[in-house]
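Visitor: Mind looking over this structure? Questions follow.
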């Protein structure tokens, strides 16, 4: 396993959002995380990324305990993420945004940083807008920029937080095509998504969370057909 | 004839298109439940119907009259009342003051402050308490009461069970059922489909800003709703290609 949460709990005051979660992703694996509102999905992603410190339990990355390691350092170790609401540096161009990631997150300088940027931008289909200011981008390109920035840090694991949210069907299809290309580069993916039919086009394993626990886990089609999973979303007494 | 009608309604949050060309109608005395996953556009649609979110395109009609350009308070005076997600009471005012402020801006009709207290008796003991000090269930009862004293022709309810203890949810829903039995016209956004189906006459399931399934609540099967809710049919359509 390249990334694992072992017995991770996270509380905010009296509110227990994650309750002894065990989660692991293998190198070259694409795992989806679904669950109803308030299940703890984004909190788990934040704990994995280092944005939140676990209240209990540990996070292991490439075999090392990174529980006390901050998000920036985890990024430099190869654990990158995208955010639910893209927040690019608006006054910078797409290229400059990705350059920040390649240097600060990827540790590159000079020509090698530029080459990494070009590669990330090209892979994410953004060459045509590389010199545009990020603030002028539409939603799909902002999402692509999130991916390009993460990619420029040369990750071995990529954490995606609702990257399909707000896109049209056609746009989501384009994003899926890009993410499938990332998969060819053997980058492990952990993807939280509410738009389940988009997620199922990419992931090979699905985890369903509810109320801070893992409710079901396994083959995506099997998990989505699980009565407990459907009940968690829809309530229990559907005709 | 429909009492409330949306025609090709579109609504955005900046670059995000939350409602994509929805046409929908609510008939007098009907309870329409809007269901769907997080981010499906339910709340935005409800707010656009109430005038709390300006639509990017399309029309909203109340009893055939175009109210699209009217702000929330004008729609309230015509009979569209919204109970927003999170209640949004005037926290520094008492229960009584919250109800009286609403009453002053509503329509004449049978709903009075006293009648609200009959429907929500738990508010009697808290009548002079500041809304900010109430329990979640009491706040929700006040929020629904605040809408009722405006004598709405149509009541828009957004996630009335959210954040409430199960016993409070049950109490709120019992009150809703009595309103429905009394002939109220309601549009209800609810995450819990089982609850929605219990009280609704019709259900519209939203996915990514569109209504993907609509029909009589009594005719809905679990399989239909599940497929629409998660959009699973879309992948099945893609597979042959």
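Visitor: Compute the long axis of helix A:110-123 from its Cα atoms, compare it with the longest principal axis of the Cα atoms of chain A, and write down the angle in degrees, 0 to 90, nearest 10.
Guide: The angle comes out at about 60 degrees.
Visitor: Roughly how far apart, in whole Å, are the Cα centres of region B:207-225 and region B:59-128?
Guide: 30
Visitor: In percent, how large is the relative contact order of region A:39-110, given Cα pairs closer than 8 Å and 6 or more residues apart? Don't skip to the answer; put the middle values down first.
Guide: Working: 42 pairs, mean separation 16.5, N = 72.
Reported as a whole number, the value is 23 percent.
Visitor: Between region B:160-181 and region B:1-56, what's the alpha-carbon centroid distance in Å?
Guide: For region B:160-181 versus region B:1-56, the Cα centre distance is 23 Å.
Visitor: Follow-up question, since we're still on this one. Once the Cβ-Cβ distance between residue B:129 and residue B:177 is put in as r, and R0 is 22 Å, what FRET efficiency do you end up with, to the nearest 0.05?
Guide: 0.25
Visitor: Please compute the average number of Cβ atoms from other chains found within 10 Å of each residue's Cβ in peptide B:38-48. Show your work: numbers first, answer last.
Guide: On the way: counts 9, 9, 2, 1, 0, 0, 0, 0, 0, 0, 0.
So the per-residue partner count for this stretch is 2.
Visitor: Please report the antiparallel percentage of the DSSP beta bridges confined to chain A, to the nearest 5.
Guide: 55
Visitor: What relative contact order, as a whole-number percentage, does chain A give when Cα pairs under 8 Å and 6 or more residues apart are counted?
Guide: Value for chain A: 27 percent.
Visitor: Among B:167-173, B:140-146, what's the highest-first ranking by average C-beta atoms within 10 angstrom per residue?
Guide: B:140-146, B:167-173
Visitor: Still on this structure, please answer the following. Percent of Cα-Cα pairs per 10 Å bin, from 0 to the last occupied bin, for region A:87-154, please list those.
Guide: 27, 59, 14, 0
Visitor: Next question, about the same structure. Which log10 I(q)/I(0) values does the protein assembly as shown give at q = 0.06 Å⁻¹ under the Debye formula, counting every alpha carbon as one identical point scatterer?
Guide: With one equal scatterer per Cα and no solvent, log10 I(q)/I(0) is -0.31.
Visitor: Could you work out the helix-only [θ] at 222 nm for the protein assembly as shown, with each DSSP H run of four or more residues adding -39,500 (n - 2.57) and the total divided by the number of residues, to the nearest 500 deg cm²/dmol?
Guide: Helix contribution divided over all residues of the protein assembly as shown: -10000 deg cm²/dmol.
Visitor: Among bridges DSSP assigns within the protein assembly as shown, what percent are antiparallel (round to 5)?
Guide: Rounded to the nearest five, the antiparallel share is 55 percent.
Visitor: Also, quick follow-up: Kirkwood hydrodynamic radius for region A:1-151: how many Å is it when counted over pairs of different Cα atoms?
Guide: 16.6
Visitor: Still on this structure, please answer the following. Between residue B:10 and residue B:214, how high is the FRET efficiency from 1/(1 + (r/R0)^6) when r is the Cβ-Cβ distance and R₀ = 22 Å? Nearest 0.05. Show your work: numbers first, answer last.
Guide: Details: r = 18 Å, r/R0 = 0.81.
It comes out at approximately 0.80.
Visitor: Once both labels are modelled 7 Å past Cα along the beta-carbon direction, what's the residue A:225-residue B:2 spacing in nm?
Guide: 3.8
Visitor: For region A:106-239, calculate the relative contact order in percent as a whole number, restricting contacts to Cα pairs under 8 Å that are 6 or more residues apart.
Guide: On the way: 120 pairs, mean separation 23.0, N = 134.
Rounded, it is 17 percent for region A:106-239.
Visitor: Right, another one. For peptide B:189-198, compute the average count of partner chain beta-carbon atoms within 10 Å of each residue's beta-carbon.
Guide: Working: counts 0, 1, 6, 6, 8, 7, 3, 3, 5, 3.
The shielding value for this peptide is 4.
Visitor: While we're here: Calculate how many DSSP beta bridges within chain B are antiparallel, expressed in % of all such bridges and rounded to the nearest 5.
Guide: Within chain B, antiparallel bridges account for around 55 percent of the total.
Visitor: If R0 is 25 Å, what FRET efficiency do you get for residue A:168 and residue A:119 from their C-beta distance, rounded to 0.05?
Guide: About 0.35, to the nearest 0.05.
Visitor: Using the basic label-point model (7 angstrom from Cα toward the beta carbon), what is the residue A:15 to residue B:223 distance in nanometres?
Guide: Result: 3.9 nm between the two label points.
We did not get these values from a lab; they are worked out from the coordinates using the rules stated. Please read all numbers here as calculations on a predicted model, not as lab measurements. No Cβ is skipped: glycine too gets one built from the backbone with ideal geometry, and neighbour counts run over all protein chains shown.
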